[in-house]
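Just so you know, all these numbers are worked out from the coordinates, no wet-lab data involved. No experiment lies behind these values; they were computed from the predicted model shown. Note that each Cβ is placed from the backbone with ideal geometry, even for glycine, and that neighbours are counted across all protein chains shown.
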Amino acid sequence: MPKVLVHHKVEDYATWKSAFDAGASKRSEKGITHVHEGAHVNDPNHVYLVFDVASGSDILSHLEHNDTQDFQKQGGVIGETHVVMLN
């Protein structure tokens, strides 16, 4: 099963975390399993996530979906989301 590493810069970790948690059911519907999330030791507003996905298209479809973009806005994501596919 492929893994995906995602990086966001956020305005405030607590605000982002609340929005991220609210999106759990949407990720599950897309076959995206949350494996680990955490923040950079020296800057908690740099958030890193690792997901298991059934296919690379699952995460790309999820990230492009309007609901996900709304969650990112609510969560205070700044700039681009960086996605790295791992095998």
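A compact table of results
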| quantity | calculated |
| --- | --- |
| Residue ID - farthest from D70 (Cα to Cα), chosen from residues in the range 20-40 that are outside any strand (DSSP E or B) and small (G, A, S) | G31 |
| Residue list for the range 41-67, restricted to those being touching a strand residue (DSSP E or B) at 6+ places or on another chain (Cβ under 9 Å) and either part of a strand (DSSP E or B) or polar (S, T, N, Q) (or both) | N45, H46, V47, Y48, L49, V50, F51, D52, V53 |
| The range 51-80 - residue that is surrounded by 16 or more Cβ atoms within 10 Å (Cβ to Cβ) and within 19 Å of A14 (Cα to Cα) and, of those, farthest from the chain's Cα centre (by Cα) | G76 |
| Subset of the range 1-32 [closer than 18 Å to S57 by Cβ and surrounded by 14 or more Cβ atoms within 10 Å (Cβ to Cβ)] | P2, K3, V4, L5, V6, K26, R27, K30, G31, I32 |
| Of all residues making up the range 2-19, the number that are more than 14 Å from V83 (Cβ to Cβ) and not in a strand (DSSP E or B) | 9 |
| Identity of the residue in the range 33-50, surrounded by 15 or more Cβ atoms within 10 Å (Cβ to Cβ) and among the hydrophobic types (A, V, I, L, M, F, W, C), that ends up nearest to the chain's Cα centre (by Cα) | L49 |
